[in-house]
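Just below is one structure, and these are the notes that go with it.
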Ligand code: ARG
């Protein structure tokens with residue numbers, strides 16, 4: 001049990017024994033929610049505002065605080081002080097250090113994990129790139145938020161299913177086949193990959209401007225794909241392979257994996273049942289020839305299920321996908337990590353599922369996020385240039401290597417570290433602000449070793465590793481927990497003790513940035529501690545305690561970084 005929960009429980013017991021008759025007192029859980037960490041240390045480690053009790057106890061808050069302090073006793077707390085309407089708790093520092101440190105040292109990198117998700121399954125739809133398009137930075141956030149949510153849920157004991165819902169269906173694929181057969185060659189596509197596919201696609205549109213009959217020819221090829229024409233299917237599958245081969249390089253750099261690549265086309269033969277069900281339930285109406293689910297009473301435009309020519313749509317595929325996922329994975333939650341531009345689509349989708357009386361419609365969640373933009377000329381997307389994620393990652397690695405060559409030219413295996421730091425910097429930038437905020441990426445900011453950045457946190461981890469390497473060569477005695485009663489160590493311990501809650505909150509709110517903040521705070525607190533105190537050459541039993549704290553910090557930072565998809569080099 002963490003210290004805050006412990007204090008809340010004790011407070012609740014103390015309230016009950018002091019005022020056994022009182023009605024409407026807050027529960028231990030509610031008290032935990034009310035406990036605050038005071039802005040400055042003189043006001044204690046935790047503060048409990050008693051205002052909410054005034055009504056139940058019919059007593060003025062300062063009086064409640066005083067009475068509570070008189071009754072309070074427990075070894076965990078060194079002293080309690082009433083200050084107006086607050087009870088300020090001063091922890092027994094040695095005891096707190098022992099409790100916290102022992103817990104981390106026992107669990108190591110598993111500290112913060114849990115089995116709360118045991119027996120539950122979470123599907124996570126993320127990255128979900130589009131075939132025959134380059135992997136642009138626009139798909140970075142979905143990829144990394146989704147990947148992080150997958151790791152967080154794994155860590156909390158859930159079974160997770162990572163799904164890359166590929167955009168691999170639509171008339172554009174007919175146009176691409178036409179363009180390939182008219183202006184392309186197999187060799188060039190094999191050699192240049194998606195870049196060549198894009199060139200052909202652009203070419204098609206240029207030519208179609210001049211000669212509108214091309215659109216019909218493109219559509220005819222798409223019809224062939226739909227009709228399972230062997231040649232058409234083979235070419236379309238090949239476009240997919242080419243795209244996924246390009247994407248695989250990006251996924252490898254990011255360390256991202258999926259359990260399923262079932263994309264839109266996968267649902268081709270799974271939509272009919274859903275459409276029949278909609279019809280049987282009387283949910284389909286005809287509007288301008290199209291079959292739609294009317295959502296007027298929900299103040300939304302209708303959800304189009306079949307176009308007037310009978311073609312299915314993005315939403316039709318998503319309906320079939322949701323039903324399929326429920327049937328196959330029996331998820332307790334299905335997360336869709338998709339940009340906020342698709343808010344309406346998912347509101348419609350979930351509402352249609354509700355109208356179909358799927359009790360699990362409420363378990364579908366749109367985890368939306370803001371836009372990413374790039375500062376500086378070279379990255380102006382306004383000029384219509386897509387910024388390729390692979391280019392950004394390669395540049396980040398190169399810049400990281402330049403910095404390493406300058407700062408630590410003798411480092412072993414510089415390329416690996418440059419990869420970890422460069423990629424880490426990009427991921428950290430992406431996951432540092434709340435997900436709904438728009439973010440602006442800048443290499444200079446991302447790779448600043450002194451700011452709130454990936455490299456800064458990684459550097460702190462490497463610093464801990466270096467301290468531990470040196471400590472391993474010393475013969476230190478058993479630690480004296482009293483050596484951790486200074487303000488800096490206590491602050492660090494407090495941040496560490498909160499880490500398990502941060503992980504759970506991050507899962508509850510689908511917000512990896514909460515973990516980014518927590519590891520950054522811990523890194524900053526460790527560096528402050530490191531500057532203010534001698535770790536290795538203090539009194540030996542105190543050194544031993546500080547080394548143990550260093551080990552705890554190292555483990556928690558490594559875990560936190562792992563949860564947001566960032567590697568933790570041991571030397572930098
Ligand atoms: N491929 C889509 C896009 O890039 C995202 C798909 C998201 N997933 C889904 N089930 N609709 O915009």
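Check residue 79 against each of (1) farther than 27 Å from residue 545 by Cα; (2) without any contact (Cβ under 8 Å) to a residue 24 or more places away in the chain; (3) surrounded by fewer than 16 Cβ atoms within 10 Å (Cβ to Cβ) and name the one condition it does not meet.
Only one criterion in (1) farther than 27 Å from residue 545 by Cα; (2) without any contact (Cβ under 8 Å) to a residue 24 or more places away in the chain; (3) surrounded by fewer than 16 Cβ atoms within 10 Å (Cβ to Cβ) is unmet by residue 79, namely (1).
Which residues, taken from the stretch 132-145, are near the ligand (Cβ under 10 Å from one of its atoms) and not in a strand (DSSP E or B)?
133, 138, 139, 142
Go through the stretch 146-168 and give me each residue that's over 15 Å from residue 336 (Cβ atoms) and near the ligand (Cβ under 10 Å from one of its atoms).
Of everything in the stretch 146-168, just one residue is over 15 Å from residue 336 (Cβ atoms) and near the ligand (Cβ under 10 Å from one of its atoms), namely 168.
Identify all residues within the stretch 320-341 that are within 10 Å of the ligand (Cβ to nearest atom) and either surrounded by 23 or more Cβ atoms within 10 Å (Cβ to Cβ) or in contact (Cβ under 8 Å) with a residue 12 or more places away in the chain (or both); write none if there are none.
321, 322, 325, 334, 336, 337, 338, 339
Away from the ligand (no atom under 16 Å from the Cβ), modelled with pLDDT of 95 or more, outside any loop (DSSP other than H, G, I, E, B) and closer than 30 Å to residue 433 by Cα - does that describe any residue in the stretch 294-317?
no
Among the listed residues 100, 11, identify the single one that is under 28 Å from residue 547 (Cβ atoms) and in contact with a helix residue (DSSP H, G or I) (Cβ under 8 Å, 6 or more places away or on another chain).
100
Looking only at the stretch 167-185, decide whether some residue is closer than 30 Å to residue 441 by Cβ and modelled with pLDDT of 95 or more.
Yes: the stretch 167-185 contains one or more residues that are closer than 30 Å to residue 441 by Cβ and modelled with pLDDT of 95 or more.
Starting from the stretch 119-131, keep only residues that are within 8 Å of the ligand (Cβ to nearest atom), then list their pairs with residues that are modelled with pLDDT under 95 and assigned to a loop (DSSP other than H, G, I, E, B) whose Cβ atoms are within a distance under 7 Å, requiring at least 6 positions of separation or different chains.
Qualifying pairs under 7 Å: 129/135.
Please go through the stretch 283-293 and give me each residue that is touching a strand residue (DSSP E or B) at 6+ places or on another chain (Cβ under 8 Å) and in a strand (DSSP E or B), ordered by number.
Of everything in the stretch 283-293, those that are touching a strand residue (DSSP E or B) at 6+ places or on another chain (Cβ under 8 Å) and in a strand (DSSP E or B) turn out to be 284, 285, 286, 290, 291, 292, 293.
For the stretch 334-449, which fully contained strands (runs of 3 or more DSSP E) count at least 2 residues that are at pLDDT 95 or above and in contact with a strand residue (DSSP E or B) (Cβ under 9 Å, 6 or more places away or on another chain)?
Where strands (runs of 3 or more DSSP E) fall fully within the stretch 334-449 and carry at least 2 residues being at pLDDT 95 or above and in contact with a strand residue (DSSP E or B) (Cβ under 9 Å, 6 or more places away or on another chain), they are 364-367.
The values are calculated or read from the model by the stated rules, or taken from the named source; none is laboratory data. Source: prediction; values computed, not measured. Backbone-built Cβ (ideal geometry, glycine too); neighbour counts: all protein chains shown.
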